[in-house]
1. Which condition number does residue 178 fail, the rest of (1) surrounded by 14 or more Cβ atoms within 10 Å (Cβ to Cβ); (2) assigned to a strand (DSSP E or B); (3) not hydrophobic (A, V, I, L, M, F, W, C) being met?
2. Run down 178, 153, 115 and say which single residue is of a type in the set (D, E, K, R), in the same structural domain as residue 318 (by TED's automatic domain parsing) and touching a helix residue (DSSP H, G or I) at 6+ places or on another chain (Cβ under 7 Å).
3. Would you be able to tell me the number of residues in the range 153-175 that are without any contact (Cβ under 8 Å) to a residue 24 or more places away in the chain and either surrounded by 14 or more Cβ atoms within 10 Å (Cβ to Cβ) or within 31 Å of the chain's Cα centre (by Cα) (or both)?
4. For residue 132, indicate whether it is within 17 Å of residue 251 (Cα to Cα) and surrounded by fewer than 16 Cβ atoms within 10 Å (Cβ to Cβ).
5. Out of everything in the range 108-152 that is part of a loop (DSSP other than H, G, I, E, B) and within 17 Å of residue 193 (Cα to Cα), what residue ends up being nearest to the chain's Cα centre (by Cα)?
6. Output the number of residues of the range 198-253 satisfying the condition of being outside any loop (DSSP other than H, G, I, E, B) and over 36 Å from the mean Cα position of the chain (by Cα).
7. If I go through the range 159-184 residue by residue, how many of them are among the β-branched types (Val, Ile, Thr), within 16 Å of residue 194 (Cβ to Cβ) and out of contact with any Lys or Arg (no Cβ under 7 Å at 6 or more places or on another chain)?
8. If residue 231 passes every condition in (1) surrounded by fewer than 20 Cβ atoms within 10 Å (Cβ to Cβ); (2) in contact with a strand residue (DSSP E or B) (Cβ under 7 Å, 6 or more places away or on another chain); (3) under 27 Å from residue 205 (Cβ atoms) but one, which one does it miss?
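The values are calculated or read from the model by the stated rules, or taken from the named source; none is laboratory data. As the structure is a computational prediction, the values presented were derived from the model and not from experiment. All Cβ positions, even for glycine, are placed from backbone atoms using ideal geometry, and neighbour counts span all protein chains on display.
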Amino acid sequence: MEEKINLLVAETIEKIAAATDGKTLGEIKVAVLGKNGALTSFMRNLKDLPAEKRPEVGKYVNEARAKLDEQFEKKGNELFEKELAAKLESEKIDITIDKPARPIGGRHPLNIVRRKVIDFFTSMGFVVTDSPEIETDYYNFEALNIPKDHPAREMQDTFYIVPGKILLRTQTSAGQIRTMEKDKPPIKMINVGKVYRSDDIDATHSPVFHQIEGLVVDKKITMCDLKGMLEKFAKFFFGEATQIRFRPSYFPFTEPSVEVDASCPHCSGRGCRVCKGTGWIEILGAGMVNRHVLEGCDIDPDKFTGFAFGIGLDRITTIVYGINDMRQEFENDVRFLKQFN
C-alpha cells in the first residue's frame, strides 16, 4: 500500500506543477483529497488491513496528505500572484502617454482685472468689504445725500422690488454707509460687486455692471492724498508713464467732486481710436466725502475728513484689453474669452 501511496503522491505533485489556473488546481485537489478522492480511499480501506498494520499505514497516509496540502497551498499562492499581476498589468494606466488634450477654462477678463484691483488696494492697506445687492432706499440714496426729490435720482433709473423702499442697488456706495455705521475712523475699505440700472444695452452701457467703491476716513485727509493714491493706481494698471488729471464734477455724496482721466495707455497721450483722439480716458469718479454723509453716520466732520472713489470695473477692463464693445464681456462667446487664457 505504501508503494501505491508514493505513486499517487508523485503523480499528484506532477499534476500540481502542470496546473495553469486556479480552477484546474481545485479539480486536482478534489480528485485526490476530496471526500471521494484517491488518497481518502486509502483511509477508508484501513479496516481491511490487519490491526497491527493500521497505525503505520494511517500515519503514512496522513504524512502524504500533509505533503500534498503543502504543495497545493504553494501552487495556489503562485497562481494567485500570477493572476493578480496579469490583472494589474491589463488595468494599469500609463500616465506618461500623451492623452487627447482636454480644454481647461481660464479666468474671465472681468475677474482678472477685479483680482488685480483688489491686490493693488489691499497692498495699500484697504480692507475688502461686502454689502447687499438688494438694498434699501435709505442706504442707496438718502444716506448718500440723495433725498427723494433729488434730481440725481433720475440719473440712476432704478429696479425697485418694493416701490420706494427696496431696490437693486445702483451703486456700491451704499456699502460705505454700512461700513461707517459699523466702524469708526480710521476707515480704509473697498467694496466690490454688481450694480443695476435700467439702462439700454449698447457698446458702453448695460443694465448690470460692476463697481469698485473705495473709502478713506481719518484725520487730516485731503485731496492731495486722493490724487497721490489714484496716481499710483493708474501707473499700476496702465504703466509708469501714465499721468492723471482731475476735472470738476458733481456727486451728491462728495464735495468737491472730480472726474479722473488717465493718459491713454494705447497711444501714450498722442491721440488714437480708443481715446477718440483726445489722449485721455475717463477712468473713475471721486471726491471728498460730503459733511452731511459723515454726520449721518455719526462721524464728526470737523474732526474727520475722507475721500471716496468709484471705479467702473467693466470700463477699466475695456481700457486694459482694448475691448471696443462692453457687451462682449457678458455674451460668453468662447472665441472672445479664449484670448485671455
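1. If we test residue 178 against (1) surrounded by 14 or more Cβ atoms within 10 Å (Cβ to Cβ); (2) assigned to a strand (DSSP E or B); (3) not hydrophobic (A, V, I, L, M, F, W, C), just (2) comes out false.
2. When all the criteria are applied, what remains is 178.
3. Total meeting the criteria: 1.
4. For residue 132, the condition - within 17 Å of residue 251 (Cα to Cα) and surrounded by fewer than 16 Cβ atoms within 10 Å (Cβ to Cβ) - is not met.
5. 108
6. Residues meeting the conditions: 9.
7. Final tally of qualifying residues: 2.
8. All conditions pass for residue 231, except number (3).
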